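Notes for the one structure printed next.
The values are calculated or read from the model by the stated rules, or taken from the named source; none is laboratory data. These numbers come from a predicted model, not from an experiment. We place every Cβ from the backbone using ideal geometry, glycine too, and count neighbours over all the protein chains shown.
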Amino acid sequence: MDVMSTGVVAYYVLIAARGGLLTPIFADDGDLSRMGSNGLNAYADPVPQAVILTAIVIGLSIQALMLVGVMKLSRNNPTLETSEIEKNNMP
Amino acid sequence: MNTLSILWIVIPFFIGFVIYLVPKFDRYLALSMAILSTAYGAALFANPSPLTLQLLDSFGVTLVIDPLSGYFILTNALVTAAVVAYCWQTPKTAFFYAQLIILHGSVNAAFACADFISLYVALEVISIAAFLLIAYPRSDRSIWVGLRYLFVSNTAMLFYLVGAVLVYQSTGSFYFGGLAQAPPEAFALIGVGLLVKGGIFVSGLWLPLTHSESETPVSAVLSGVVVKAGVYPMVRCALVLQEFDPIIRLFGVSTALLGVFYAMFEKDTKRMLAFHTVSQIGFILAAPEVGGFYALTHGLVKSSLFLIAGALPSRSFKELQERPMPTAIWVALVIASFSISGFPMLSGFGAKVLTMKSLVPWQVIAMNLAALGTAISFAKFIFLPHQPPEKPAEHQPMRTGFWIAVSLLIGGLFATNGIYYEAYTIANIIKPLATIGVGWLIYLLILKKTIFKLPRLLEQFEHLIGVMSLMLILLFWMVLA
């Protein structure tokens, strides 16, 4: 639990790592191409790639948005400790 | 009709950007968009045959629009119109309206699509737009609440994305129906994503803080429609796939009980309403066949309640006991509270009766308990003191926009009451009256005196993420069992 509270910045690393771990699944998926009827097995399936491209763009924009938020917050909470911020902001 | 539907999905995004370019017409554009959506939603009921569109072959975008989504779309349109009316005289910038309309459009898209990837995109756009709306005041607290929301929903959507690709792997398309052939972990992963987005059961406990700490019109939109974007796919899945129906019903019942339990002991008006949203979502899921009507009712009533709660002199029930509110507000508040407790003559009654009728036997006792809890928690509102505004200097004059918004929503409640006439049998009328009566008795005799504070442990940021992974494991075992 302490690991999670080391700071908001650490969360972004975590998210980035999650995004990075996703890719092997899509790579595997490409190998299992289902368009095998005409012997074109070697091609990767483009659909998951197209889809993940959308997801990457969305993920990037969300991260940018969150970073702006964190920069704003860091003005008053320089340590960015989530538990502290939470204590100050709970009703 | 096909072109019309696609146009209708695209237009809000277009208008959203136009508002930003032409800030002078922001309100008019926003309002006309909401009216357009209302007309479209109403037109859906006129032709009951479901409209299915498949763009770009089997792995492309699939849209399914039928009366079920019609209910959701109508809710969205009415709530947006009310919120625009509410904000009409406030100094909100064009940015606010632009985000509001983009949010409106993406929620519409979420209600129309029937494949996992378009849904993913719609849900992510919703998160971004909702974050910008929550963080609109630019205060530290609002930014923190918004960040927390964005983080939780983004993490959940990552789980969801993994699930979606598993479905694709086993069927070669992202259509909802493909979930049946997918491995159980796919349902668990997608389920976690939707449970978190929809604010269901323990993983939905991010919702009270977010909804109560944002501004009044924003919480009305969030509670009225945005959570439904997560609920709608669950309802759709339960209808398409019979084998997942019991799991979703079980979640519905437990959510209804959990939310109402928290709501009964809550001392803050907006937090109470937010917990109540959790419990009402449970009602929608408990009977997926009629969930649409319930969602419409709940959207109308909850957003009007949030708008009214924003006009009250204080947020704490204790202070409200001592400081009477103007009678006009009290009347509006009582009408809304009556509707949500299921009082005859209002659409909450029809919705509750319809839901109760389509329950499976094991659910009945639990759902009646939840209905009782609803009556108890809204007794808090009904028994607040009020007075005619004899000293006008004391209360600031109410804005007309507020009244337009509230009367639109409450008028909607009366009008939709007509949808389900058959509910009016004597047994059906007596039951909710008895429930309300018993609820009030319990409130007056017991709850009014007790002071009991529930711990907010589960609402802390770290626990939200932890609970998410626990839910994942739980869902996985439920599917396997």
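Evaluate the stretch B:170-177: report whether one residue or more is farther than 24 Å from B:Ser203 by Cβ, of a type outside the set (A, V, I, L, M), surrounded by 24 or more Cβ atoms within 10 Å (Cβ to Cβ) and more than 8 Å from chain A (Cβ to nearest Cβ). Step through it out loud before you land on a result.
Within the stretch B:170-177, the first condition is being farther than 24 Å from B:Ser203 by Cβ, and the residues that meet it are B:170-173, B:175, B:177.
Filter once more, keeping what is of a type outside the set (A, V, I, L, M): B:170-173, B:175, B:177.
Subsequent filtering for residues that are surrounded by 24 or more Cβ atoms within 10 Å (Cβ to Cβ) retains none.
Scanning the stretch B:170-177 turns up no residue that is farther than 24 Å from B:Ser203 by Cβ, of a type outside the set (A, V, I, L, M), surrounded by 24 or more Cβ atoms within 10 Å (Cβ to Cβ) and more than 8 Å from chain A (Cβ to nearest Cβ).
Please state which of the following conditions B:Val121 fails to meet, knowing it meets all the rest: (1) within 10 Å of chain A (Cβ to nearest Cβ); (2) modelled with pLDDT of 85 or more; (3) under 21 Å from B:Leu209 (Cα atoms).
Only one criterion is unmet by B:Val121, namely (3).
Anything in the stretch B:97-122 that is of a type outside the set (S, T, N, Q) and free of Cβ contacts under 8 Å to residues at least 60 places away in the same chain? List them, or say none.
B:Cys113, B:Ile117, B:Tyr120, B:Val121
Kindly indicate the residue of the stretch B:455-465 that is assigned to a helix (DSSP H, G or I), within 8 Å of chain A (Cβ to nearest Cβ) and within 24 Å of the chain's Cα centre (by Cα) and also modelled with the highest pLDDT among those meeting that condition.
If we take residues in the stretch B:455-465 being assigned to a helix (DSSP H, G or I), within 8 Å of chain A (Cβ to nearest Cβ) and within 24 Å of the chain's Cα centre (by Cα), then B:Ile465 is modelled with the highest pLDDT.
Please work out which one of (1) of a type in the set (Gly, Ala, Ser); (2) more than 7 Å from chain A (Cβ to nearest Cβ); (3) surrounded by 23 or more Cβ atoms within 10 Å (Cβ to Cβ) is the condition B:Ala135 fails and give its number.
Of the numbered conditions (1) of a type in the set (Gly, Ala, Ser); (2) more than 7 Å from chain A (Cβ to nearest Cβ); (3) surrounded by 23 or more Cβ atoms within 10 Å (Cβ to Cβ), the odd one out for B:Ala135 is (2).
Only one of B:Leu195, B:Leu250, B:Leu239, B:Leu222 is assigned to a helix (DSSP H, G or I), at pLDDT 85 or above and either surrounded by fewer than 22 Cβ atoms within 10 Å (Cβ to Cβ) or among the polar types (S, T, N, Q) (or both); which?
The unique qualifying residue is B:Leu250.
Go through B:Val83, B:Val64, B:Val121, B:Val107 for me and flag whichever is part of a helix (DSSP H, G or I) and surrounded by fewer than 23 Cβ atoms within 10 Å (Cβ to Cβ).
Details: B:Val83 fails: surrounded by fewer than 23 Cβ atoms within 10 Å (Cβ to Cβ); B:Val64 fails: part of a helix (DSSP H, G or I); B:Val107 fails: surrounded by fewer than 23 Cβ atoms within 10 Å (Cβ to Cβ).
Residue meeting the stated conditions: B:Val121.
Sort out which residues of the stretch B:237-249 are of a type in the set (A, V, I, L, M) and more than 19 Å from the chain's Cα centre (by Cα), and write them in order of number.
B:Leu239, B:Val240, B:Leu241, B:Ile247 - these are the residues of the stretch B:237-249 that are of a type in the set (A, V, I, L, M) and more than 19 Å from the chain's Cα centre (by Cα).
Can you tell me how many residues in the stretch B:178-211 are in contact (Cβ under 8 Å) with a residue 60 or more places away in the chain and either more than 13 Å from chain A (Cβ to nearest Cβ) or touching a strand residue (DSSP E or B) at 6+ places or on another chain (Cβ under 6 Å) (or both)?
20
Take the residues in the stretch A:34-91 that are within 27 Å of B:Val145 (Cβ to Cβ) and at pLDDT below 70, then tell me which one is nearest to the other protein chains (Cβ to nearest Cβ).
The selected residue is A:Asn89.
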